[in-house]
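Notes follow the structure.
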Amino acid sequence: MAHATDAHAAHEPATQPEPARRVRERHAIVVGASSGMGAALVEQLASEGVRVVALARRKDALEELARRCGGNVIALAHDVHDFDAVPALFERCVRELGGLDLFVYAAGIMTEVGAHEFDTRKDLDMLAVNVGGAVAWTNEAAKLFRTQRSGTIVGISSIAGERGRKGNPVYGTTKAALNHYLEALRNRLADYGVHVCTIKPGFVETAMLASARAQGRSIQGAISAQAAARSILKAARGRRNEVFVPFKWTLVAAVIRNIPSVLFKGLNI
Amino acid sequence: MEILSLRGPRTVESSFEYIEGWGMAVGRHARVLRPRSVEEIVQCFALARAAGSTLTLRGGGNSYGDASCPAQDLVLDVTRMDRVLGFDARTGIATLEPGVTIEKLWKTILPLGFWPRVVSGTMFPTLAGALAANIHGKNNFAVGTIGDACLEFDLVLPSGEVRTCNRERNADLFHAAIGGFGMLGCFGRIVLQTKRVHSGNVRVRGESTRDLREMMAYFEAHKATSDYLVGWVDCFAGGDACGRGLIHDAHNLHEGDDPSPERSLTVAHQELPANILGLFPKSQVWRILELFNHDLGMRSINAAKYVAGRLEGMGEPYLQSHAGFSFLLDYVPNWKWAYGRARGERGLIQYQPFVPQAVAHDVYSEILARCRHAGQVPYLGVFKRHREDSFWLTHAVDGWSFALDFKVDPARRAALWKLCDELTELVISAGGRFYFAKDLVVGAEDTARFLPQDRLAAFAALKRACDPQTLIEGQLYRRAFRDWIAA
Ligand SMILES: Cc1cc2nc3c(=O)[nH]c(=O)nc-3n(C[C@H](O)[C@H](O)[C@H](O)COP(=O)(O)OP(=O)(O)OC[C@H]3O[C@@H](n4cnc5c(N)ncnc54)[C@H](O)[C@@H]3O)c2cc1C
């Protein structure tokens, strides 16, 4: 347990933690950091001198990442299914960092489901990781940020949450739920100077995309995870509410959102 | 932290948060335990012992300085224990859980024709916090502190033992824990005497005063007859106008004075409108105040208030609700954010010297002069009259207090502390005292000088007896008490 050094000799008490500057954060947690955008965000932050706790299930991948990043990254193995472990783990992360200004939830799974498959187990698992884990972690960050009246929360959602597409009903549901949750937090925390940024990626080169390709889907125009990470940090620091990455998906989303249901039924998207 | 792995059906609710003084100038991260019963308070002590951390007791967190700020990793917050256990509408005796707030208390008893004997300038403190600080109101000169209105309490000791204390039973602990700032044990139940009122309003008269002497003379002339007296001072005014201000002198109404008490005694009658001027949302008013939160802005606001006060002083007495009169500041939510909302940017401290009657005028004039000279002028100055009481660590003297709100600007922070040190020397030499609910600057050596030696020694002995392992401590304890308690 970290104890502050005793400063009772001088009677000036411990002051506030150092100011969290509006734009450049210094302590971050990234959940879901072993690959894809999570890993790219950790690398980007570490290269800017931010101290990061990187969490994911796969310890080896995380340690490899930490090695690549030099001394700024603390790697911790954690399975986001383990909701009960989150409060203590969150506290440990903040204590090891010595503060927290940025929290990123980047963990997410998309399980392949067949066109006529309704598999409750698979579906509930996506809900657990994409929503359950997000809520368990982000609630902790929200409590801390509200009481310290500063901090930024970033949630990696997806364009898939915009409409209920036939391809993977529950994956889209998890992202729609995440959007809703993050929007509500944003409104709750706005009065306390805390910002919540929802990131909605389109095609980004990640393991998820690779597996979609392996299933035979043709996907073009994807950007690299590194490029996505840069856009994400820019959006978070610019205190943007909801941002599509890459930006061109803003337009795609606008179109998709406005297709009437009667037509949407017949479309193969 | 291991606390959380001790899972079971009855785990104490807890949360990892940033815990700070109300003035935002001091704070740290800590795990906050929120017990719901006396059994859970006992459990919290056991958890702290198991975790190897000390525990800081906390109520509503309305102390300006570090009185309820953690020194280590754990805080015990009693705000979930907020049930009114009983109220006897014949005698006005309330039995309360420690986390009941002053707000909840008055809202419960006012419709029955009662009002708390002693309230602070904000209604958000818990009764535990209020008792631990031995708070005073604008009627301190007439009725004493909240300790004087307390009939009995249960104190939960770190050992798990629960001691019932009143003026006969455990009288030592009764007089030490009231005003003991949560250093001896945790209040588990509080019994208070409240007072009957015949209206939901008080009659208020404004009296504009041209200097400190005039203000003090008015208090002295009226303290035998007034129910409440409070003075506001424009700290920017110097020279002949030093100490100019405005007094609010209030009287309770007698039976029959209010033609419709059943209406004025409702909670609805006490509430102020949600919008200012009918359209501007109160929740955003702090943003406007923030625009004026600098020396020039506050100089203008204080001057404007003085002029408004002169007009008010020429007017007739008026009726105001109890809540409106007592807790006016609460109606601007988060007004302190005008001093800087973002953590670590700014904040405020309140410096409140209590000075004996005979020397008060000279000491306060000197204080104001030194503040102006140092270029650190308080943005708000509030004047009250007090009387002595029997609680061991009490701040109250037969004299005055002058509460001064200083803005904490990171660039001038060290200079502000230095100024306060000089003022403290002045106050202690004059036989004055300080009040830890407000303070953030007084050191252990000062405490040992301004509190009576015999009481200090007795308090130290009680601390060692009640809490032999020093399981309970906070930043205040480390700053102002530990040195001489350990000695
Ligand atoms: C705007 C404003 C105006 C104010 N006006 C006045 C005023 O007019 N008069 C006045 O006297 N004060 C005034 N105060 C100060 C305030 O009343 C006191 O600081 C009071 O103690 C706050 O109570 P709290 O519940 O917020 O307790 P906290 O600030 O959380 O704690 C206060 C003390 O109580 C101890 N404590 C908390 N719970 C327990 C427990 N269960 N058992 C034992 N100890 C415990 C804490 O350790 C701490 O030492 C004012 C404060 C503000 C912000």
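The values are calculated or read from the model by the stated rules, or taken from the named source; none is laboratory data. These numbers were taken from a predicted model, which means no experiment stands behind them. All Cβ positions, glycine included, derive from the backbone under ideal geometry; neighbour counts span all protein chains shown. Note: areas computed on protein heavy atoms with side chains; ligands, DNA, RNA excluded. Shrake-Rupley method; radii C 1.70, N 1.55, O 1.52, S 1.80 Å.
Within region B:344-367, restricting attention to residues that are open to solvent by 10 Å² or more (accessible area, probe 1.4 Å) and assigned to a loop (DSSP other than H, G, I, E, B), the residue that is farthest from the other protein chains (Cβ to nearest Cβ) is B:Arg346. Within region B:165-185, residues that are assigned to a helix (DSSP H, G or I) sit with their Cβ atoms under 6 Å from residues that are within 8 Å of the ligand (Cβ to nearest atom), at 6+ positions apart or across chains, in these pairs: B:Ala177/B:Leu155; B:Ala177/B:Leu184.
B:Ala221 meets the stated requirement of being within 30 Å of B:Val377 (Cα to Cα) and surrounded by fewer than 15 Cβ atoms within 10 Å (Cβ to Cβ). Taking the listed residues A:Asp101, A:Asp125, A:Asp82, the one that is open to solvent by 50 Å² or more (accessible area, probe 1.4 Å) and within 14 Å of another protein chain (Cβ to nearest Cβ) is A:Asp82, with no other qualifying.
Evaluate the following for B:Leu76: is it surrounded by fewer than 24 Cβ atoms within 10 Å (Cβ to Cβ) and assigned to a strand (DSSP E or B)? So B:Leu76 does not fit the description; no.
Quick check: is even one residue across region B:196-205 in a loop (DSSP other than H, G, I, E, B), β-branched (Val, Ile, Thr) and within 14 Å of the ligand (Cβ to nearest atom)? The answer is no, given that none of the residues of region B:196-205 is in a loop (DSSP other than H, G, I, E, B), β-branched (Val, Ile, Thr) and within 14 Å of the ligand (Cβ to nearest atom). Residues in region B:11-27 that are closer than 30 Å to B:Gln352 by Cα and either part of a strand (DSSP E or B) or open to solvent by less than 10 Å² (accessible area, probe 1.4 Å) (or both): B:Glu17, B:Tyr18, B:Ile19, B:Glu20, B:Gly21, B:Gly23, B:Met24, B:Ala25, B:Val26, B:Gly27.
Scanning region B:435-487 for residues that are within 9 Å of another protein chain (Cβ to nearest Cβ), crowded, with 24+ Cβ neighbours inside 10 Å and within 15 Å of the ligand (Cβ to nearest atom) yields B:Leu440, B:Val442, B:Gln475, B:Leu476, B:Arg479, B:Ala480. Considering only residues in region B:169-184 that are away from the ligand (no atom under 14 Å from the Cβ), within 23 Å of B:Ala396 (Cα to Cα) and not polar (S, T, N, Q), the one that is surrounded by the most Cβ atoms within 10 Å (Cβ to Cβ) turns out to be B:His175. For first residues located in region A:84-110 and on the phi < 0 side of the Ramachandran plot, partners that are small (Gly, Ala, Ser) and not in a helix (DSSP H, G or I) and lie 6+ apart or on another chain with Cβ distances below 6 Å form the pairs A:Arg95/A:Ala2; A:Asp101/A:Ala20; A:Asp101/A:Gly151; A:Leu102/A:Ala28; A:Tyr105/A:Gly155; A:Ala106/A:Gly32; A:Ala107/A:Gly32. Regarding region B:52-67, can at least one residue be identified that is at the interface with another protein chain (Cβ under 10 Å from one of its Cβ atoms) and of a type in the set (A, V, I, L, M)? There is no residue in region B:52-67 that is at the interface with another protein chain (Cβ under 10 Å from one of its Cβ atoms) and of a type in the set (A, V, I, L, M).
Restricting attention to region A:221-267, the residues that are touching a residue at least 12 places away in the same chain (Cβ under 8 Å) and not basic (Lys, Arg) add up to 27.
The condition of being of a type in the set (D, E, K, R) and within 24 Å of B:Tyr18 (Cα to Cα) holds for only one of B:Lys336, B:Lys384, that being B:Lys336. Filtered by the rule that a residue be without any contact (Cβ under 8 Å) to a residue 40 or more places away in the chain and part of a helix (DSSP H, G or I), region B:368-395 gives a lone residue, B:His373. When B:Ala30, B:Ala67, B:Ala50 are checked against the criterion of being in a strand (DSSP E or B) and either among the aliphatic types (A, V, I, L, M) or crowded, with 24+ Cβ neighbours inside 10 Å (or both), B:Ala30 stands alone in meeting it. B:Lys336 passes every criterion in (1) surrounded by 17 or more Cβ atoms within 10 Å (Cβ to Cβ); (2) in a helix (DSSP H, G or I); (3) away from every other protein chain (no Cβ under 14 Å) apart from (3).
Against the conditions (1) near the ligand (Cβ under 8 Å from one of its atoms); (2) not in a loop (DSSP other than H, G, I, E, B), B:Ile109 satisfies every one except (1). Once region B:68-94 is narrowed to residues that are within 14 Å of chain A (Cβ to nearest Cβ) and charged (D, E, K, R), the residue that is nearest to the ligand (Cβ to nearest atom) is B:Asp77. From the list A:Thr120, A:Thr138, A:Thr147, the lone residue that is at pLDDT 95 or above, more than 11 Å from chain B (Cβ to nearest Cβ) and closer than 30 Å to B:Gly21 by Cβ is A:Thr138. Scanning region B:16-33 for residues that are out of contact with any helix residue (DSSP H, G or I) (no Cβ under 9 Å at 6 or more places or on another chain) and at the interface with chain A (Cβ under 7 Å from one of its Cβ atoms) yields nothing.
The residue list B:Asn134, B:Asn140 contains one member that is touching a Ser or Thr at 6+ places or on another chain (Cβ under 6 Å) and near the ligand (Cβ under 9 Å from one of its atoms), which is B:Asn134.
Looking at region B:242-271, which of the residues that are open to solvent by 30 Å² or more (accessible area, probe 1.4 Å) and among the polar types (S, T, N, Q) is farthest from B:Leu112 (Cα to Cα)? Checking each candidate, the answer is B:Asn252.
Quick one: is B:Ser300 surrounded by fewer than 21 Cβ atoms within 10 Å (Cβ to Cβ), of a type outside the set (A, V, I, L, M, F, W, C) and touching a Cys at 6+ places or on another chain (Cβ under 8 Å)? The answer is no for B:Ser300. In the set (1) over 30 Å from B:Gly23 (Cβ atoms); (2) open to solvent by 30 Å² or more (accessible area, probe 1.4 Å); (3) without any contact (Cβ under 8 Å) to a residue 24 or more places away in the chain; (4) among the small types (Gly, Ala, Ser), the condition left unmet by A:Ala177 is number (3). What residue, among those in region B:135-145 that are in contact (Cβ under 8 Å) with a residue 40 or more places away in the chain and among the hydrophobic types (A, V, I, L, M, F, W, C), is most open to solvent (accessible area, probe 1.4 Å)? For region B:135-145, the residue satisfying everything is B:Ala142. Residue-level check: of (1) surrounded by fewer than 20 Cβ atoms within 10 Å (Cβ to Cβ); (2) away from chain B (no Cβ under 12 Å); (3) among the polar types (S, T, N, Q), A:Asn130 misses just (1).
Criterion first (over 21 Å from B:Ala461 (Cβ atoms), over 12 Å from the mean Cα position of the chain (by Cα) and within 12 Å of the ligand (Cβ to nearest atom)) does B:Gly121 satisfy it? So B:Gly121 does not fit the description; no. Based on this model, can you work out whether B:Tyr228 counts as out of contact with any Cys (no Cβ under 8 Å at 6 or more places or on another chain), within 16 Å of the ligand (Cβ to nearest atom) and either under 30 Å from B:Arg299 (Cβ atoms) or open to solvent by less than 60 Å² (accessible area, probe 1.4 Å) (or both)? It is true that B:Tyr228 is out of contact with any Cys (no Cβ under 8 Å at 6 or more places or on another chain), within 16 Å of the ligand (Cβ to nearest atom) and either under 30 Å from B:Arg299 (Cβ atoms) or open to solvent by less than 60 Å² (accessible area, probe 1.4 Å) (or both).
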